[in-house]
Amino acid sequence: MIQDYPNCEFIVADDCSDDNSVEMIRELQKKDPRIKLIAHEKHVGMRENFESALSAVRPGFVMALGGDDGLVPGCFWRMNEIIKETGTQLMCWRTPLFTYAMDDKDTSRFIIPKVKGKGYRWVKSEDFLNKIAQTFSYQIPECPMFYMQGVASTELVDRVKSRTPDGYFYYCPTPDGFSGVVLAGEVEKYIFTDEPLAIAGNSKKSQGLNYQRKDEQSKKEAQEFFNDNIRRTMHKELASQPYSPLQTLMTADYLLTARDLPGWPGKFAMFKWEDLLRVTFSIFVKGQWENEVLIRELKILREIAKQHDLLSLYDELYKKTKRKVVRTSAFSGFIVTKRSVMFAGKEVGMENIYDASLACNFAYRVYNMLSVKELFRVMKRSFNTVMNTRNYKVESLPEID
């Protein structure tokens with residue numbers, strides 16, 4: 001609601017939430033006419049919920065957010081500026097991350113990528129598609145999914161809809177990564193910027209984390225998602241298996257599904273199934289899934305291996321793969337890793353995604369100022385400031401008539 005761009009609207013699609021979200025949105029509608037509400041009376045699932053919101057979008061540009069994601073102040077003005085300068089129909093950006101505390105012993109986290117911003121640049125779609133076909137990892141900053149880290153013209157969205165058998169844009173069970181893959185293939189190139197125009201959020205409601213948590217509510221919500229997609233299996237070359245939350249299998253599913261859409265112009269070199277198996281087993285090493293979830297995924301992977309006559313490789317990888325159970329410790333203050341700077345949210349006054357969104361532009365600009373040269377300049381200016389306060393002469397007070 002703090003976005004002051006004059007020509008925008010916010011469509012909220014609620015899939016039978018069990019809190020007071022609907023009541024809160026209706027109250028906010030009285031204050032801001034830009035807010036539109038779609039409140040489903042019966043649970044429809046993630047895909048149908050996202051599609052209902054997308055179908056209500058007017059011509060222009062569109063992006064999607066999950067319930068725990070946020071927008072950076074002024075982001076629509078910046079998007080509009082870049083779109084006008086470049087004429088692009090598709091752009092994406094690098095997102096900071098805010099993670100809510102998952103329990104009473106946990107703390108929230110605000111994570112800023114350690115990347116020096118270099119303005120915006122063009123990315124060749126074929127390069128992006130080939131990269132994820134080799135790594136089986138669609139979750140990279142250059143992925144132009146308009147879910148939280150990108151914006152696309154409705155013209156591109158309609159073009160994809162015209163290719164799918166059911167006229168839906170989201171032709172895969174999950175709405176995020178598929179949008180990036182299928183939209184990238186519709187253009188020769190698109191814009192990427194390091195500027196944080198939106199911020200990703202993780203919370204207890206984040207579907208991607210449900211599979212790795214042990215509490216009963218998370219297990220229930222994960223199973224509900226599986227049930228929602230029980231009739232939408234993965235691509236036939238993935239043995240028509242049930243939906244899998246493994247990033248490697250999702251990436252393969254997105255690529256194969258987009259490739260088969262009539263007239264889809266995207267191009268990538270077909271991956272090797274042996275590589276898919278090896279990379280998938282490698283993520284089991286550090287994955288924190290519960291055993292029942294892991295067993296489900298191993299069975300799915302085995303069926304894929306069987307279809308491609310790779311059972312011997314599957315058995316070999318299964319026997320030699322050992323899991324690393326990470327022992328987490330309490331986090332406080334801030335830490336610097338190879339790729340990011342992480343702050344304990346509460347210690348810097350960040351209670352939620354809104355607080356974090358207000359800090360994004362400041363953190364981005366401050367980090368881009370930091371360098372060895374700038375550090376010496378700061379020290380020099382500080383020294384000069386201190387010395388100036390000591391550089392004085394003594395004078396008497398002025399005479400009074």
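The values are calculated or read from the model by the stated rules, or taken from the named source; none is laboratory data. Please read these numbers as outputs of a predicted model, since none were measured by experiment. Neighbour counts are summed over all protein chains in view; Cβ atoms, including those assigned to glycine, are modelled from backbone coordinates with ideal geometry. Heads up: the accessible areas ignore ligands, DNA and RNA and are worked out on the full protein's heavy atoms, side chains in. Shrake-Rupley method; radii C 1.70, N 1.55, O 1.52, S 1.80 Å.
Quickly run through the range 23-58 and pick out the residues that are open to solvent by 20 Å² or more (accessible area, probe 1.4 Å), not in a helix (DSSP H, G or I) and not β-branched (Val, Ile, Thr). Within the range 23-58, Pro33, Arg34, Lys36, Leu37, Ala39, His40, Glu41, Lys42, His43, Ala56, Arg58 meet the criteria.
Could you tell me whether any residue of the range 331-338 is open to solvent by 60 Å² or more (accessible area, probe 1.4 Å), touching a Phe, Trp or Tyr at 6+ places or on another chain (Cβ under 7 Å), on the phi < 0 side of the Ramachandran plot and not basic (Lys, Arg)? Please lay out each step first, then the result.
First pass over the range 331-338, keeping only residues open to solvent by 60 Å² or more (accessible area, probe 1.4 Å): 332, 334-336, 338.
Applying the additional criterion that residues be touching a Phe, Trp or Tyr at 6+ places or on another chain (Cβ under 7 Å) yields 334.
With the extra rule that they be on the phi < 0 side of the Ramachandran plot, the set shrinks to 334.
So of that shortlist, the ones also not basic (Lys, Arg) come out as 334.
Yes: the range 331-338 contains one or more residues that are open to solvent by 60 Å² or more (accessible area, probe 1.4 Å), touching a Phe, Trp or Tyr at 6+ places or on another chain (Cβ under 7 Å), on the phi < 0 side of the Ramachandran plot and not basic (Lys, Arg).
Can you tell me which residues in the range 348-401 are among the hydroxyl-bearing types (Ser, Thr, Tyr) and either at pLDDT 70 or above or part of a helix (DSSP H, G or I) (or both)? Scanning the range 348-401 gives Tyr354, Ser357, Tyr364, Tyr367, Ser382, Thr385, Thr389, Ser396.
For the range 175-195, name all the residues that are open to solvent by 10 Å² or more (accessible area, probe 1.4 Å) and either part of a helix (DSSP H, G or I) or under 23 Å from Met46 (Cβ atoms) (or both). Let's see the steps before the verdict.
Going through the range 175-195, the residues open to solvent by 10 Å² or more (accessible area, probe 1.4 Å) turn out to be 176, 186-189, 194-195.
The answer is Asp176, Glu186.
Here Asn130 meets the list (1) in contact with a helix residue (DSSP H, G or I) (Cβ under 8 Å, 6 or more places away or on another chain); (2) not in a loop (DSSP other than H, G, I, E, B) almost entirely, failing just condition (1).
In the range 103-127, which residues are of a type in the set (Asp, Glu) and either without any contact (Cβ under 8 Å) to a residue 60 or more places away in the chain or in a loop (DSSP other than H, G, I, E, B) (or both)? It would help to see each step written out before you state the result.
Taking the range 103-127 as the starting set, the residues that turn out to be of a type in the set (Asp, Glu) are 103-104, 106, 126-127.
Correct list: Asp103, Asp104, Asp106, Asp127.
Evaluated against (1) polar (S, T, N, Q); (2) within 27 Å of Thr95 (Cα to Cα); (3) at pLDDT 90 or above, Ser240 falls short on exactly one condition, (2).
When Pro6 is tested against the conditions (1) without any contact (Cβ under 8 Å) to a residue 24 or more places away in the chain; (2) outside any loop (DSSP other than H, G, I, E, B); (3) open to solvent by 80 Å² or more (accessible area, probe 1.4 Å), the lone failure is (2). When Ile82 is tested against (1) open to solvent by less than 30 Å² (accessible area, probe 1.4 Å); (2) at pLDDT below 95; (3) more than 23 Å from Lys161 (Cα to Cα), just one condition goes unmet, and that condition is (2).
Is it true that Phe61 is under 17 Å from Met145 (Cα atoms), open to solvent by 50 Å² or more (accessible area, probe 1.4 Å), under 25 Å from the mean Cα position of the chain (by Cα) and not basic (Lys, Arg)? Yes: the conditions hold for Phe61.
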